[in-house]
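Asks: Sharing a structure, written as structure tokens. Questions coming.
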Amino acid sequence: MSAGSSSSGYSGPKIGAGAPPQPCLNGPLMNQHPSVPTEQGYNVVPPAPYPQQLPAKNFPHLATEHNYEYHQNFQPGGNFQNFGQTASRAPLNATHLQKGISADGQSIPMAAYAGSYSRMPLPSQGSFAPATSSSVHLGASVLPPTSWQYNPLQQSHPVSQPPAGMQANHVVPGAGTGQGRAPPEPYGSAGPKPAMSNQYANTAGGSFVQNYTNQVGSSHLPINQPLNQMYQPGRTPLGPQPSSVGPPLIRPTYPLVTANHDAPLAQNLLRDSEGIHTGSSGDQSIAPDNYDAVEGGGEIMQPIQQDLKTRRTLGHSYPSLPPGYQNMASPGIPGGQLANTEGPQQFSQAPHFNQLMTGMGGLSLQQSQQSEAARPLNLLQERNILPSTPVRAPHPNLHKDLQKLNCNPDVFRCTLTNIPQTQSLLSKAKLPLGLQLHPFRDLSQLPVVTSSTIVRCRSCRTYINPFVNFLDQRRWKCNLCYRVNDVPEEFMYNPVTRSYGEPHKRPEVQSATIEFIAPSEYMLRPPQPAVYLYILDVSHNAVESGYLNTVCQSLLDNLDALPGDSRTRIGFITFDSTIHFYSLQEGLSQPQMMVVSDIEDIFIPTPDNLLVNLNESKELIQDLLRSLPQMFSNTLETQSALGPALQAAFKLMSPTGGRASVFQTQLPSLGVGALKSREDPNQRSSLKDVQHLSPAIDFYKKLALDCSGQQIAVDLFMMNGQYSDLASLTCISKYSAGCIYSYPSYHHKRNPVLVDKFQKDLKRYLTRKIGFEAVMRIRCTKGLAIHTFHGNFFVRSTDLLSLPNINPDSGFAVQMSIEENLVDVQLVSFQAALLYTSSKGERRIRVHTMCLPVVNSLTDIYAGADVQAATCLLASMAVDRSISSSLSDARDALVNAVIDSLSTYRTAVLSQQQQQQPGVMAPLSLQLFPLYVLALLKQRAFRTGTSTRLDDRVFSMCEVKYQPVSYLMLMIHPNLYRIDNLSDEGSININDKTIPQPPILQLSVEKLNRDGAFLMDAGTVLYLWVGKVCCPNFVSQVLGASNYISVPQNMTELPELNTAESERTRTFICWLREQRPFFPVLHVIKDESPLKASFLQNMVEDRTESALSYYEFLLHIQQQVNK
């Protein structure tokens, strides 16, 4: 951003004739100081001053980290090639190459190491059909290199300098405190807002950095008064349990009892599609003054010195809830009457965790499972390593009762299920340490609690969870910071058993995923209503594509299904070279259109009548939706003023926040935000670096930050037939926590299959669950640190993500490091807390907690690797590297991640005899790692040498960043099934339907037969390849054709035939589609089909003109590992 960019180039609303224009308001400064955020329109009572307050903790090492760039100033976990750093990987025993900070605060330049690694070789050029990888033979003779010892010191390679002027995400370095702003008027008011300076201006003229920490010279206001019942934060790990305070520990010998934590809850435990009902906080009341304090950024307590002599233990475990909660009184107790009201029951608890660990040999709880996962495998000799069933997340090496309490891996998973004790051990393993999170995922069973108490740690603000330690009936120890907390009186009552004195049996400590309705102290303003604004391109190109008919019809069909309540509001803006507003005020006979042609100084003509109550103005809304497609059917206007339309939407929605849905069909050409074509079609197949992956201008990013500050998320639907610079346009959604959809070459006549996909995706989008004005914080055990986030969001403070909207289809990833040794720690925990407003206007908190063991050997680290989670995290890092450096550097870094990890495994884990064996040795847990990385290199986001449109590549990169693991893996490595011989053998039954489960095949043409039919599930698309001599029974009974020749060329749906084969095949395809929130289109492919090339492109194990086969890739890995 330039030094003079003190405004975003757009002015505020004109409220009536003669009213002077007011500058629009920009977003807050990410709570750099916890001042009262009056700019949000919240009525907040400032906190009273407390004596002896302590300042908030500083994180100086996080001061210059980025959201969408992997920054070079931070030491990456695992010490493998850093995507924000250099193309050449560091030697295994060499120091890090990235810039550091010396003791005196001076920057230490990158060291240059001698030596060079060659990039992965390309196959010889030539025109040939894709060859199979059938040249891999069991026991193939592979000539060993001269030395099997990996000796990086003999190599020399230059270190590329980090790119200058890296784009950052949010705030200016050294920015001071944000100025306070007057609160906006209540919902629906039309008063003008005061002027406000642009808080995102970079007065120094340098590049942006995120405000991950306090800037030099700033100071936090005290958060809360100190308490004197806290362990010293900087003490040695987990001090002893108090021996002279409170009653002695009671450790009964009965075993753990566990049950499904998703079982139905009764009485005050409710379940619905979105969440919960609860009450007030059980801890000391906090007067919130910002989102950080509201979610609980951490109260600063006065530490006391303790004599720490014992090692850390996790403490007690807890019996689980009964399988089903029944709304009835306890036996022998009248309904509604407390059990044991005379006094507290004797406190009883499950065996101490140390007893569990001692009885099972320390951390080696499942020796057979661990030894199998660490078993070495020679990938060059094992041809069929792909499992025939879907790859599942590995189970952490925990006792089975703790595993049952752990979080569902579909919601929360770690790249390493065994956490290294030290950063040096993690660096030596050369594997990434990070978390994959799907926090708002649709859950069939979600424990929902109604309670007068939300119990949290008074120090780190962790929510009580199944992995805390109850010292006795009245005290519990936090599993993240180890502080001892009091159990509130209200928490002593168990609503399930209607008994008193059993806090460890409450649902909060029986469920790793749980949700609360937040009390008033979790609100900065009254919960906002559901507000939806639709911004529609009505230029000639848009109208001719026919998308407007689909959008209007879908809205008409789903108006009553939009999430919300009686306060739900809706509005519409259309644009071409001018901006069109629609008054839908109750009482009008028909909608009134108002045109604003001055796009350089956009204003809102009648703010009161543009966002209207859905129920009160439903007839006018329906009339508008029916007439919109015809209103512009004869337009000849070809220009697009997207930027001014977004400015108008921002001004219209700022008082309330909400969701803005933008439908765009071409490159913006007028007003602010206008773009020019940057794509050279001749370079689409180039083997050289791809240009223009970063935004051309910063307008859309700046506007997104402003939107985030006003709780507005912008979702982008692109239906472009030509280049539209998605690299620039997607910034409006990336930084406002929005979603991005792309339908290239959309046309209602020429591409009907895409119309069907758009209709189904749009229905899901309009009706799915939604959360407003959300924030999310991820906490972890003392000693671990989060340093980089991936996804669509805005970083409000060190670890607080601002999410104006949250939806059930978006995922997030974080990278982590080990700041303090975990030598005396046996388990670590991670907790994600999502605070949001439901569409019904309830403030809710969804909490996920995960527990993992700590190990001290490389063998255990490799045995616990989650190869799919690690691959997806590396993919997100590679996207950042592609944008900040180059695509070739990102590709090299992916390859080096495999080389480094397998090299360390060979030299540090395998025996001397195993090291002498030729081949590529990998642990069983990482046997798919080279295959997945090769698939990534051939994925649309990272492939070279194949014609790929720039917008398609950018959209694929966006998907990599925000798709959850389960969806992204199908896009990276599709599943291939043979379906011409489906049977009920091994099938599963769901809702009285029998779902066939054919085995998954390797992605190679050697698995295809001309007499068969094969279905490829590539995530967003399904390919059904039919062989020339396919079984006539399948052709007639499933495809409905008399013979192969009569199968339609552009067949996209299977006919509904009254045959067992047809029913079985359609049931299987329908089941696959139901596994994801987006609709995958089906293409039936014959040998002469034009889509055959796309089908073969996904055969990642085969060689192409520009990419190696899997066997050739393994040979390259072997050559590098054994240098």
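Asks: Where the centroid of each part is defined by its Cα atoms, how far is the stretch 598-628 from the stretch 726-793 in Å?
Replies: Using only Cα atoms to place each centre, the spacing works out to 25 Å.
Asks: Once phi is turned into ³J(HN,Hα) by the Karplus curve 6.51 cos²θ - 1.76 cosθ + 1.60 with θ = phi - 60°, what whole-Hz value does each residue of the stretch 564-580 show in order, with x for glycine and proline?
Replies: Calculated HN-Hα couplings, in order: x, 9, 5, 8, 3, 10, 8, x, 9, 10, 10, 8, 9, 8, 10, 10, 10 Hz.
Asks: Same structure, new question: How big is the stretch 440-588 by Rg and Dmax over its Cα atoms, in Å?
Replies: Here Rg and the maximum Cα pair distance are 24.5, 72 Å.
Asks: Looking at the stretch 1033-1123, what % of the alpha carbon pairs are farther apart than 22 Å?
Replies: For the stretch 1033-1123, the fraction of Cα-Cα distances above 22 Å is 50 percent.
Asks: Now for a different question. Might you work out the accessible area of Glu1112 for me, using a 1.4 Å probe with all protein chains in place, and round it to the nearest 10 Å²?
Replies: Answer for Glu1112: close to 50 Å² accessible.
Asks: Classify the stretch 782-821 as rounded, prolate or oblate, taking a ≥ b ≥ c as the square roots of the eigenvalues of its Cα gyration tensor: rounded when a/c is under 1.5, otherwise prolate if a/b is larger than b/c and oblate if not.
Replies: It comes out prolate by the Cα gyration axes.
Asks: Based on the mean of other Cβ atoms within 10 Å per residue, sort peptides 878-888, 717-727, 617-627 so the most packed one is first.
Replies: 878-888, 717-727, 617-627
Asks: Give the accessible area for Lys782 in Å² (nearest 10); use a 1.4 Å probe, count only protein heavy atoms, and leave out ligands, DNA and RNA.
Replies: Only protein atoms counted, so the area is about 40 Å².
Asks: Can you list the HN-Hα couplings for the stretch 399-416, worked out from phi with the Karplus curve (6.51, -1.76, 1.60; θ = phi - 60°), rounded to whole Hz and with x for Gly and Pro?
Replies: With coefficients 6.51, -1.76 and 1.60, one gets 4, 4, 6, 6, 4, 5, 7, 6, 6, 4, x, 5, 9, 8, 8, 10, 5, 10 Hz.
Asks: Starting from 0 in steps of 10 Å, tell me what percent of the Cα-Cα pairs of the stretch 515-568 lands in each bin.
Replies: Over the stretch 515-568, the share of Cα pairs per 10 Å bin runs 18, 33, 24, 17, 9, 0 percent.
Asks: List the residues whose amide H sits under 5 Å from the amide H of Arg475, counting only those 5 or more places along or on another chain, with H placed 1.01 Å from N in the peptide plane.
Replies: Residues meeting the amide H criterion: Val487.
Asks: For Tyr836, what accessible area in Å² do you get when you roll a 1.4 Å probe over the heavy atoms of the protein chains, rounding to the nearest 10?
Replies: Counting only protein heavy atoms, the figure is 0 Å².
Asks: Let me ask another. Scan around Arg569 for amide H atoms under 5 Å from its own, H built in the peptide plane at 1.01 Å from N, and keep only partners 5 or more places away or cross-chain.
Replies: Counting only residues 5 or more places away or on other chains, the set is Ala530, Val531, Tyr532, Leu614.
Asks: 5 Å is the cut-off here: which amide hydrogens, built 1.01 Å from N in the peptide plane, fall below it relative to Arg461, excluding neighbours closer than 5 in sequence?
Replies: Excluding prolines and chain starts, which carry no amide H, the hits are Glu299.
Asks: Continuing with this model, one more query. Rounded to whole Hz and in sequence order, give me ³J(HN,Hα) for the stretch 975-983 from the Karplus expression 6.51 cos²θ - 1.76 cosθ + 1.60, θ = phi - 60°, writing x for Gly and Pro.
Replies: With the stated coefficients, the stretch 975-983 comes to 9, 10, 10, 8, 10, 7, 10, 4, 9 Hz.
Asks: What shape does the stretch 461-521 have by the C-alpha gyration tensor, where a ≥ b ≥ c are the square roots of the eigenvalues, rounded means a/c under 1.5, and otherwise prolate means a/b greater than b/c and oblate the rest?
Replies: Because its axes are fairly even, with a/c under 1.5, the stretch 461-521 counts as rounded.
Asks: Going through the cross-link list Lys618/Lys701; Lys676/Lys701; Lys701/Lys749; Lys404/Lys840; Lys505/Lys961, which pairs have a Cα-Cα distance over 28 Å in this structure?
Replies: Long pairs (Cα-Cα over 28 Å): Lys618/Lys701; Lys701/Lys749; Lys404/Lys840; Lys505/Lys961.
The values are calculated or read from the model by the stated rules, or taken from the named source; none is laboratory data. Since we're looking at a predicted model, the values are computed, not measured. A quick note on method: Cβ atoms are made from the backbone with ideal geometry, for glycine too, and the neighbour counts reach across all protein chains shown. Heavy atoms of the whole protein, side chains included, go into the accessibility calculation; ligands, DNA and RNA do not. Shrake-Rupley method; radii C 1.70, N 1.55, O 1.52, S 1.80 Å.
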